[in-house]
1. For the chain, what is the calculated [θ] at 222 nm in deg cm²/dmol (nearest 500), taking -39500 (n - 2.57) for each run of four or more DSSP H residues and dividing by its residue count?
2. In a Debye calculation with equal point scatterers on the alpha-carbon sites of the stretch 137-200 and no solvent, what is log10 I(q)/I(0) at q = 0.14, 0.24, 0.27, 0.28 Å⁻¹?
3. Any idea what Rg and Dmax come out to for the stretch 1-55 if you just take the C-alpha atoms, in Å?
4. For residue 175, which sequence-distant residues (separation of 5 or more, or a different chain) have an amide H within less than 5 Å of its own amide H, given hydrogens modelled in the peptide plane?
5. Modelling each spin label as a point 7 Å along the Cα-to-Cβ direction, I'd like the residue 3/residue 182 distance in nm, to one decimal.
6. Tally Lys/Arg at +1 and Asp/Glu at -1 over every other residue whose Cβ is under 14 Å from the Cβ of residue 218; what's the total?
7. Find which of 212, 132, 194 sits farthest along the positive direction of the dipole of the stretch 2-245, computed with +1 on the beta-carbon of Lys and Arg, -1 on that of Asp and Glu, about the Cα centre.
8. Average projected area of the Cα convex hull of the chain, in nm²?
Amino acid sequence: MAEIVANSVLPALRQPITLRTQDGLSLIGELASPLERPPVATIVCMHPLPTAGGMMDSHVLRKMAWRLPALADIAVLRFNTRGTTSAAGTSEGAFDEGEAEGRDLAAALEYVQEAGLPQPWVLGWSFGTDVILKHALAARTEQGIAGAILLSPPLRFSSPDDLDRWAESDLPLIALIPELDDYLQPAEAHVRFARVPRAQVIGVDRAKHLWVGERAVSAVLDLFVAEVAPQFAPLPREWDGPMERWNDLP
């Protein structure tokens, strides 16, 4: 048995993918799937603010792709929204403050449906939460989505009207709020999300907006898996099998 640490990469089928948007753009992405079993669920990741360095390789999303296919049989789809660059390449288009990015989310959900991936959840981090709140309900395919999870939602580009649309939905909406967040801390989050009666607002002790450190990352992954695939929660902290160590990019 070996300890799972920040740059541990567990076995998965990792496929570069290209998403096509309704307005004709090509977006760079990756799908990480379990090696020997079909996935029990799928997570579509929306990254933090690209003008502040957010991308598909932002560390929490990358670690989901490195761990969840092996530890919880969850497929992880990550991609760069329009105009965003990562080591995998640059997506076409230009940043649009959360508006046209709704088409990017729709393209990802269409890919999930066409690939026959099960039980799609959408997960956003910071800016990605605003894209989800604004657009996920409209972007749903015929397959639908199972729910949404928000990491460090700043509620910057989304509005009370967007929250009201979620209040009319019966989909789960779970907000993970760092105790020490720079933009929205748990007490205020409870007030602002009160207009969505079904929303779960979960404060995470000692965590910050960027979820730095293995303790914070493990808390995010455990809370997500407990909702999506509870039979695998809490996730193990050790792995008995092949494990690589990749460069843990910032």
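Rule-based calculations on the coordinates, nothing more; no lab input. Please read all numbers here as calculations on a predicted model, not as lab measurements. Counting neighbours? That spans all protein chains shown, and the Cβs are built from the backbone with ideal geometry, glycine included.
1. -9000 deg cm²/dmol
2. -0.40, -1.10, -1.31, -1.38
3. That works out to 14.9, 48 Å for Rg and Dmax.
4. Result for residue 175 returns 150, 200, 201, 202.
5. A separation of 2.9 nm, rounded to one decimal place.
6. That works out to 0.
7. Of the options given, the answer is 212.
8. If I average the Cα hull's projected area over directions, I get 12.0 nm².
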